[in-house]
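Enquirer: Structure in structure tokens, see below.
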């Protein structure tokens, strides 16, 4: 009896011991799944940002070539009018060509002279014309000037086009490579910070394209978004949280707000196209309309954040204020709202950051046009930073890949700054009651 | 520019109104504020409101309807012959006239009658501007003087100001409803005129998508290219791939974060996942198109598979990464909300942590997790930029993830970006697609929110 029960209990505890091993192995496996899930997400983040950073870092730099430029009066102002309008019409490309010919005097074959042109950016002429516009006294003088190289030379110098490729597979031919090496040896070729990228609008020439137009467009758009969605959102939240009685109507409003938060952004674009453009005849491609559409999109974020931080203010504050004879609106405006403000601002900044990164609704209202000029007002045609990324990503030129990645870095940097600001606000002013 | 100056003037006038009202109220009681019904500031607000509201209303009214009225006047002043000569609709003609009036280079070969119309337009604009300025200022000043005469010590200024303010609050809370109504009506309205040209059943169940506009009346084949089924299957395929990536990773990381991670790890990983959630979708799209697509194609070539560079796999996979933080943060909240007592009961019975999670916590959290996934699906269906940049354009009825497919959102973008003619079935079909998209996400969100609400009530 004792024997049998002993053997039985032994086998039972054996079974348990055996199963315990299995169960602990399962436990370890499960924990491993969790760690690897997090690791995968983080690795993806690193790969994505890393690959964009590696591709885009070069976009902040450019290759320049030093040339001795002869601002010949013959070409710029042959009739001696001294009229800036005449200067502006002058053939500055010819001046660049002459400077190149002077740099490489032994290049005489017609075909090679033509190939020489591919060293310097097509936009170099504009640079010279701006120099003359700013300082007409340069006419007739000879200056050493650093001019931007063409995007092919730039790509070649940055190594994104390999020197080992067969000549037929690259746009920089061996003859160019010879010239580049000659320039390099004489110190007439350098890589510098690409200021043009931060000060110019869009361009068909990658080496001349910049993001300033898109940054201004985004700023104008976000300004409209902010002045519409912040007051409206805060006011709606105050009404729903503090003043309104709980009725079917407010329940209905709440359902609508939750739904608005989950509607795909492109639907807001369709709304903007149908209502703001086709019905109200507001201008296409304008930051005004873009800001209005994004404001509708941001509204639920702000309302939800505001309600949460109003809710966090303890009722004792309200009761004390009311006890001193404040009216309901005075209670809210003088006491509850100031205490809730840090939370509201945090929510607003996060909403603005989302609006800054949003592009789908802007495509619908025509903010995708190719726009060279920097927008001056809320009704000028403009584009936004994320849309500029989209536009450049579609361009066939190789050099635009780098520009796209560089613009993405700028966009992500803006977002990081905004989010860091929100985190700082939350940390600095958050109060636990 | 003029509008901006006018707006600033109106603002200054409003501020002036505040001090005027405050001063007037104090003057009526010889500076003894205690004789007033309300604090002196409220009399100021009263005046300011009476200045701003009429001014802004007239301003908005004029801005909204002024251009339309001018267009009507200009178009009706054109002779029959000009209208007959012009190509396209009167709206197109009006755009040309506007361009001439703005002096844009487009209009080098303008005809004399259009030139005249442009001159007419210019003078009308001048008149309208002058009219607007005087009307806005007149309205503001009238409000100001009228309310100024009404200020009395016993006037209940605070109550009036607060009443108006409350109306404003109420009004802004209805914006959410107005937006939803606006979305539904604009989509329905345009879709209905689409379904008048293309039968709704052909649209929903047709297998061939190649939207064309008939140039001539008798052209064949202009109406049978609107079968949206390939778009629906393409969207579902990409969504399916995305959820295949996002659900396990998102759910497992949520479980780990909720039940295993130390507070330190949590405080590091959570913000990083938030970064992942805050990256604009256009960045994901760029990454998918530039890195992931070619990478998958190269792998495919090396093992002898034919992978399209715009494969559904690339777009769906990257979209899945985008949705991970969404699912993980929602599931995290839900898993944390499962009461401790359930977990502790399970531990007391000797279950390991993993067994507790699998057999107790997850079943309790299941409705919430499902609704998180439904919200993720609705995000994936409505996601635009990733698929626009990384998925194909051609409608392809296939379930092969290595081929290129197109989605509803891609088609909406392609149909509406660039120059479009209104009222052609091609343009209108985008709104019909938008309606389908809106309905699908609405239903998903509604179900998900309902499930979450029901579930929350259980433990509260």
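Enquirer: Quick one: which of A:201, A:140 is at positive phi and assigned to a loop (DSSP other than H, G, I, E, B)?
Expert: Numbers: A:201 fails: at positive phi.
A:140 is the lone residue from the list that is at positive phi and assigned to a loop (DSSP other than H, G, I, E, B).
Enquirer: Further, regarding this structure: Look at the stretch B:269-294 and say how many of its residues are surrounded by fewer than 15 Cβ atoms within 10 Å (Cβ to Cβ) and more than 10 Å from every other protein chain (Cβ to nearest Cβ).
Expert: Within the stretch B:269-294, residues that are surrounded by fewer than 15 Cβ atoms within 10 Å (Cβ to Cβ) and more than 10 Å from every other protein chain (Cβ to nearest Cβ) number 1.
Enquirer: Given the stretch B:1-89, what helices (runs of 4 or more DSSP H) lie entirely inside it while holding 1 or more residues that are within 15 Å of residue B:143 (Cβ to Cβ) and modelled with pLDDT of 80 or more? I'd like the intermediate steps shown before the answer.
Expert: Working: elements: B:2-28, B:40-77, B:80-85.
Where helices (runs of 4 or more DSSP H) fall fully within the stretch B:1-89 and carry at least 1 residues being within 15 Å of residue B:143 (Cβ to Cβ) and modelled with pLDDT of 80 or more, they are B:2-28, B:40-77.
Enquirer: What are the residue pairs meeting all of these: first residue in the stretch B:361-386, first residue facing chain A (nearest Cβ under 10 Å) and more than 19 Å from residue B:283 (Cα to Cα), second residue assigned to a helix (DSSP H, G or I) and modelled with pLDDT of 90 or more, Cβ atoms under 7 Å, and 6 or more apart or on different chains?
Expert: Listed pairs, sorted by first residue: B:378/B:441; B:378/B:444.
Enquirer: Out of the stretch A:303-342, which residues are out of contact with any helix residue (DSSP H, G or I) (no Cβ under 9 Å at 6 or more places or on another chain) and within 13 Å of chain B (Cβ to nearest Cβ)?
Expert: Correct list: A:325 only.
Enquirer: Which numbered condition trips up residue A:393, out of (1) closer than 30 Å to residue B:267 by Cβ; (2) free of Cβ contacts under 8 Å to residues at least 24 places away in the same chain; (3) crowded, with 17+ Cβ neighbours inside 10 Å?
Expert: Tallying (1) closer than 30 Å to residue B:267 by Cβ; (2) free of Cβ contacts under 8 Å to residues at least 24 places away in the same chain; (3) crowded, with 17+ Cβ neighbours inside 10 Å, residue A:393 fails exactly one: (1).
Enquirer: Another one. For the stretch A:255-274, what are the residues that are in contact with a helix residue (DSSP H, G or I) (Cβ under 7 Å, 6 or more places away or on another chain) and farther than 20 Å from residue B:409 by Cβ? First the steps, then the outcome.
Expert: Taking the stretch A:255-274 as the starting set, the residues that turn out to be in contact with a helix residue (DSSP H, G or I) (Cβ under 7 Å, 6 or more places away or on another chain) are A:256-274.
Scanning the stretch A:255-274 gives A:256, A:257, A:258.
Enquirer: Is at least one residue of the stretch B:417-426 within 11 Å of chain A (Cβ to nearest Cβ) and at pLDDT 80 or above?
Expert: Taking the stretch B:417-426 first, the residues within 11 Å of chain A (Cβ to nearest Cβ) are B:417-420, B:422-423.
Now restrict to residues that are at pLDDT 80 or above: B:417.
For the stretch B:417-426, residues within 11 Å of chain A (Cβ to nearest Cβ) and at pLDDT 80 or above: present.
Enquirer: What do you reckon, is residue B:334 out of contact with any strand residue (DSSP E or B) (no Cβ under 9 Å at 6 or more places or on another chain), assigned by TED's automatic domain parsing to the domain that holds residue B:452 and farther than 27 Å from residue A:52 by Cα?
Expert: Numbers: out of contact with any strand residue (DSSP E or B) (no Cβ under 9 Å at 6 or more places or on another chain): yes; assigned by TED's automatic domain parsing to the domain that holds residue B:452: yes; farther than 27 Å from residue A:52 by Cα: yes.
Spelling it out, residue B:334 is indeed out of contact with any strand residue (DSSP E or B) (no Cβ under 9 Å at 6 or more places or on another chain), assigned by TED's automatic domain parsing to the domain that holds residue B:452 and farther than 27 Å from residue A:52 by Cα.
Enquirer: Right, next: Has the stretch B:253-266 got any residue that is within 10 Å of chain A (Cβ to nearest Cβ) and surrounded by fewer than 16 Cβ atoms within 10 Å (Cβ to Cβ)? Break it down stepwise before answering.
Expert: First pass over the stretch B:253-266, keeping only residues within 10 Å of chain A (Cβ to nearest Cβ): B:253-261, B:265.
With the extra rule that they be surrounded by fewer than 16 Cβ atoms within 10 Å (Cβ to Cβ), the set shrinks to B:265.
Within the stretch B:253-266, one or more residues are within 10 Å of chain A (Cβ to nearest Cβ) and surrounded by fewer than 16 Cβ atoms within 10 Å (Cβ to Cβ).
Enquirer: For the stretch A:232-240, state whether one or more residues are modelled with pLDDT under 85 and crowded, with 19+ Cβ neighbours inside 10 Å.
Expert: Scanning the stretch A:232-240 turns up no residue that is modelled with pLDDT under 85 and crowded, with 19+ Cβ neighbours inside 10 Å.
Enquirer: What single numbered condition from (1) in a helix (DSSP H, G or I); (2) surrounded by fewer than 21 Cβ atoms within 10 Å (Cβ to Cβ); (3) facing chain B (nearest Cβ under 8 Å) fails to hold for residue A:254?
Expert: Evaluating residue A:254 over (1) in a helix (DSSP H, G or I); (2) surrounded by fewer than 21 Cβ atoms within 10 Å (Cβ to Cβ); (3) facing chain B (nearest Cβ under 8 Å) leaves (3) as the failure.
Enquirer: Buried (at least 16 other Cβ atoms within 10 Å of the Cβ), part of a helix (DSSP H, G or I), under 31 Å from the mean Cα position of the chain (by Cα) and modelled with pLDDT of 90 or more: does that describe residue B:187?
Expert: yes
Enquirer: At pLDDT below 80 and surrounded by fewer than 19 Cβ atoms within 10 Å (Cβ to Cβ), is that true of residue A:134? If you could, list the steps in order and put the result at the bottom.
Expert: Details: at pLDDT below 80: no; surrounded by fewer than 19 Cβ atoms within 10 Å (Cβ to Cβ): yes.
No.
Enquirer: Considering only residues of the stretch A:280-302 that are more than 8 Å from chain B (Cβ to nearest Cβ) and within 23 Å of residue B:69 (Cβ to Cβ), which is modelled with the lowest pLDDT? First the steps, then the outcome.
Expert: Keep residues of the stretch A:280-302 that are more than 8 Å from chain B (Cβ to nearest Cβ), which gives A:282-295, A:297-298, A:301-302.
In the following step, the residues that additionally are within 23 Å of residue B:69 (Cβ to Cβ) were identified as A:282-284, A:286, A:288-289, A:292.
Values: A:282: 80, A:283: 83, A:284: 83, A:286: 89, A:288: 91, A:289: 92, A:292: 94.
So the residue we want is A:282.
Enquirer: Moving on. When you look at residue B:350, is it within 14 Å of chain A (Cβ to nearest Cβ) and on the phi > 0 side of the Ramachandran plot, yes or no?
Expert: Working: within 14 Å of chain A (Cβ to nearest Cβ): yes; on the phi > 0 side of the Ramachandran plot: yes.
Spelling it out, residue B:350 is indeed within 14 Å of chain A (Cβ to nearest Cβ) and on the phi > 0 side of the Ramachandran plot.
Enquirer: Give me a count of the residues in the stretch A:386-412 that are under 20 Å from residue A:50 (Cα atoms), in a helix (DSSP H, G or I) and within 12 Å of chain B (Cβ to nearest Cβ). Give the steps one after another, and end with the answer.
Expert: Just the residues of the stretch A:386-412 that are under 20 Å from residue A:50 (Cα atoms), to begin with: A:386, A:389-390, A:392-393, A:398-412.
Next, from what is left, pick out any that are in a helix (DSSP H, G or I): A:386, A:389-390, A:392-393, A:399-412.
Those left that are additionally within 12 Å of chain B (Cβ to nearest Cβ): A:386, A:389-390, A:392-393, A:400-412.
Within the stretch A:386-412, residues that are under 20 Å from residue A:50 (Cα atoms), in a helix (DSSP H, G or I) and within 12 Å of chain B (Cβ to nearest Cβ) number 18.
The values are calculated or read from the model by the stated rules, or taken from the named source; none is laboratory data. The structure presented is a predicted model; accordingly, all values stated were derived computationally and were not measured. Quick reminder, even Gly has a Cβ in these numbers, built from the backbone with ideal geometry, and neighbours come from all protein chains shown.
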